[in-house]
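The values are calculated or read from the model by the stated rules, or taken from the named source; none is laboratory data. Computed from a prediction, not measured in an experiment: that's the story for all the values here. Here the Cβ is made from the backbone with ideal geometry for all residues, glycine too, and neighbour counts use every protein chain on show. Accessible surface areas use protein heavy atoms only, side chains included; no ligands, DNA or RNA. Shrake-Rupley method; radii C 1.70, N 1.55, O 1.52, S 1.80 Å.
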Amino acid sequence: MIDRLFEALPYLALFVAISLGYLAGKLTIGRFVLGGIAGTLLVGVGVGQFGVTIDPGVKTIFFALFIYAVGYQGGPQFAHALNLRSLNQLISAFVMCFAGLICVVAAAWLFQLDRGTAAGLAAGGLTQSAIIGTASGAISKLDVSADLIRTMETNVAVGYAVTYIFGSLGPILIATWLIPLVMKWDIRAEAIKLEQTMAGGRTVLGPGQFNAVRDVVTRFYLVSEGSAAIGQQVLAADAAVADAAIESVIRESAALDLSEATIIAAGDVIALSGPTAIVQKSADYFGPEVIAPEGFELVQESREIILTNRDLVGLDLQEVHDKVGADIRHGVFLTSARRLGRELPIAPKLALRRGDELHFTGAPKDLDRMQKLLGYKISAAAVTDFIFFGLGLAVGFLLGMIEFKIAGIPVSIGTGGGCLLSGLLFGWLHSTHQRFAALPVGASNFLRDFGLAVFVGAVGISAGPQALETLRESGLTLFFLGVAVTIIPQIVVFFFSYYVLRIQNPIEALGCLVGGRSANPGFAALLDKAGNATPVVSFTVTYAVANVFLTLWGPIIIGVINTNPSP
C-alpha cells in the first residue's frame, strides 16, 4: 500500500524522508549527533526501496538555492578574510583542503574507485555535504550512458553515508584529544592563558561563571558643595571621567542643552553613562549617587556597525581606543563583537579585521559620529530583492556552463560551483552597497537549510534501489578509506602549520585545524574544551576559505578520476 501511495505522490515520500530524517538526526550518542542532513540521506535511501521516482530537476533547483544562500552568507566574510595579515592561516586552510583532495584522489587510484564513489568519499570524509551537489552536477554532464550516470550518483550518496559519521567524529578526536595529548597541551589552561593575554590582565571567567555586573550603565549623581566638578565646563568634566560620558545635566528638574559653554553648578544632577567600574568611581568627582529625577528619559540605541575603515583594520581594540579621539568616542560603548556570525572575546588585544560586526550602545547622535569613522550600519532588509536574487541565480547557472580542462579532460564547475561563486559575489555586493541584492537573514537561512534538505532527500530516494547492493560490496573498504581521508590531512597539515607556518599558539593552531576542515562538530567540541571564545578568531578565517574550496572539489574529483563503475 505504501509503495502505491508513494508512486502516486512521490513528493509525499520526499517530505516524509525529510521529516523522519531530521527526527533521526536528533539522536545522540555521547557527544555525537548524526544531524538532519545525514539523517535525511539515510532515511531517503530507505524510502527509495519503495521504487519512488523524483524528477531530477528538483535536485538541481533546490541545490542551486542552497549553494547560492551559502555563498551569499559567506561572501562578505570570505572577501574580508583574504588579507596579508592572516596569510599564514589562509595558507593553512588551503593546504588542508588540498591535502584532503590529494588523499581522495590517491584512494581512488589505489583502490580503483569510480568517480561517484570518490566524490562520496570526499563529501563524507571531509564532511562537506555540498560536494554531493557539485559532483552530481559534473556527473550529469559526462558523456556516458544514463544508467552509468545513475549508478555514479548512487555511489556518491553511498560513499557519503558510509564515511560521514567518522568524518564528523574524526576532527573532534584529533583536535580535542590526540594532538593535545601528543603536544602535552591542556586546552582549558591554554585558552585561559590566551584570553589573559588578549584581556591585558582582566579577570578570566571559568566554566559556568559570568559577570553579574552590566557592562554599560547610566547612573545619576548630585553635584554637592565642594565637588571638583563645580565651575567646570561639561567637556572638561567629561575628560576627568575618561571612558565614561556625561549624557545630561539636569538643573531645577529640566535637562540643559549641552554645549561647550555649559558650566556645572552645585545642585545639578549629572546623568553619567559608561562601564560600571568607571561610573561607580565618579561619585568621588561629582558627589553622591541619587535616583533618576521623576519623568526623566534618556534615549539610547544599540547599533551594529561593520568595520571597513582600512586605517583601523589590523589594530587591536586598545590601539583603536587610543587612536580615536575622546570627542569621537564620547558616549559610545562597545558591548560585543562578532566575526562570521560568531561571538568574539572583547579584550584589549583583540585584533580587528575588515568585516567585523561591532555592537555599540549610545545616544543616536554619538553613534552617528562613530559610524562615520568605522564603516556602515547593519540594516536588516525587510524584503528580498528579487531582481538581484533572480539575477544572481541566472549568473550562477551561466557560470556553471563554463568548462576548463584538467589533464586534457573537460571539466565544468557545474550549477553548484557557479551558484556558489555568484552567491559570494552578490553577498559581497550587498555588504558594500546595501541598497542592492538584499536577502534577509531569515530568508537566506531558510533557503540554505531547506534547499539542502530537499536535495539530500531526493538524492537518497534516487539512490535507494541500488544503494544497499553497493554498500554490501564495498562498505567496509569505504569506511576505512573515509577514516584515512579524515585523519591524514589533519595530522600532516597540523605539523606543517605548526613548524613551517609558525602557527604555534595551541588554541590558534587547533582553531585553524577544525576551520580548515570546515568541521563544525570539531569546533563545537573545541569551544567546549576551551571554555571561552578564543578559538573563534582563527577558526573564522580558515572556515571561510575551506567552505569555498571544499565545495569546488566536487567537479575537480569527477574530472581527475577517470574510472567508471562496472556495468
Within the set of other residues whose C-beta is less than 9 Å from the C-beta of residue 565, count the net charge using Lys and Arg as +1 and Asp and Glu as -1.
0
Find the centroid of the Cα atoms in region 455-500 and in region 152-196, then give the distance between the two in whole Å.
14 Å
Once you place label points 7 Å from the Cα toward the Cβ at residue 483 and residue 87, how far apart are they in nm?
4.0 nm
Expressed as a percent, the portion of alpha-carbon pairs in region 452-518 spaced more than 19 Å apart is 57 percent
Positive-end extreme of charge dipole, region 139-194 - chosen from 173, 152, 185 (charges on Cβ):
185
Asserting the computed 222 nm helical MRE of the chain (DSSP H runs at least 4 long, -39500 (n - 2.57) per run, divided by residue count, to nearest 500) equals -19000 deg cm²/dmol
I'd like to compare 35-41, 187-193: which one has the highest average count of other Cβ atoms within 10 Å, and what's the full order after that?
35-41, 187-193
Mean Kyte hydropathy of 0.5 or more with a Cα span along the axis of at least 30 Å, helices from DSSP in the chain
56-81, 87-111, 146-173, 441-499, 536-560
If you place +1 on the Cβ of every Lys and Arg and -1 on the Cβ of every Asp and Glu, how big does the dipole about the Cα centre of the chain come out, in debye to the nearest 20?
1480 debye
What is the Cα convex hull volume of region 106-157 when expressed per residue in Å³?
69 Å³
Could you give log10 I(q)/I(0) at q = 0.11, 0.17, 0.22, 0.25 Å⁻¹ for region 472-558, computed by the Debye formula over C-alpha point scatterers of equal weight, without solvent?
-0.36, -0.78, -1.10, -1.25
Could you sort 62-68, 331-337 so that the peptide with the highest average Cβ count within 10 Å comes first and the rest follow in order?
62-68, 331-337
Within region 481-496: backbone nitrogen closer than 12 Å to the residue 182 label point (7 Å, Cα to C-beta)
487-496
Under 1.5 on a/c is rounded, so check that first for region 215-267, then, if it is not, pick prolate when a/b is larger than b/c and oblate when it is not; a ≥ b ≥ c are the square roots of the alpha carbon gyration tensor eigenvalues.
rounded
Can you compute the equivalent ellipsoid semi-axes for region 410-522, i.e. the square root of 5 times each eigenvalue of the Cα gyration tensor, sorted largest first and rounded to whole Å?
31, 29, 13
Rg/Rh of region 322-397 (Cα atoms, Kirkwood Rh), to two decimals, equals 1.10
The chain, Kirkwood Rh and Cα Rg, ratio Rg/Rh at 1.07
Work out, step by step, the length gained on full extension between residue 302 and residue 276: first 0.36 nm times the residue separation, then minus their alpha carbon distance; give nm to one decimal.
7.6 nm
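Let me check something: with ligands and nucleic acids excluded, how do 4, 251 order by accessible area (1.4 Å probe), largest to smallest? Please report the intermediate quantities before stating the final value.
On the way: 4 160, 251 80 Å².
Highest to lowest solvent-accessible surface, that is 4, 251.
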Which of the lysines could be linked to residue 372 by a straight reach, that is with a Cα gap under 30 Å, when you skip same-chain ones fewer than 8 residues away?
323, 349
Linear extension gain, residue 468 paired with residue 365, 0.36 nm per residue minus alpha-carbon span:
30.5 nm
May I have the extent of the alpha carbons of region 222-342 along their three principal axes, as whole Å values ordered from largest to smallest?
50, 28, 25
Order by protection proxy (mean Cβ within 10 Å, highest first), peptides 300-311, 110-121
110-121, 300-311
What's the local net charge at residue 137, with K and R +1, D and E -1, over the other residues with C-beta under 11 Å away?
+1
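Give me the accessible area per residue for region 260-321, probe 1.4 Å, as a whole number in Å².
Values: 3230 Å² over 62 residues.
In whole numbers, region 260-321 has 52 Å² accessible per residue.
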Charges only on Cβ, +1 for Lys and Arg, -1 for Asp and Glu: so what's the dipole of region 290-403 about the Cα centre, in debye to the nearest 20?
280 debye
Could you work out the relative contact order of the chain? I mean the mean sequence separation of Cα pairs under 8 Å and 6+ apart, divided by the number of residues, in percent.
30 percent
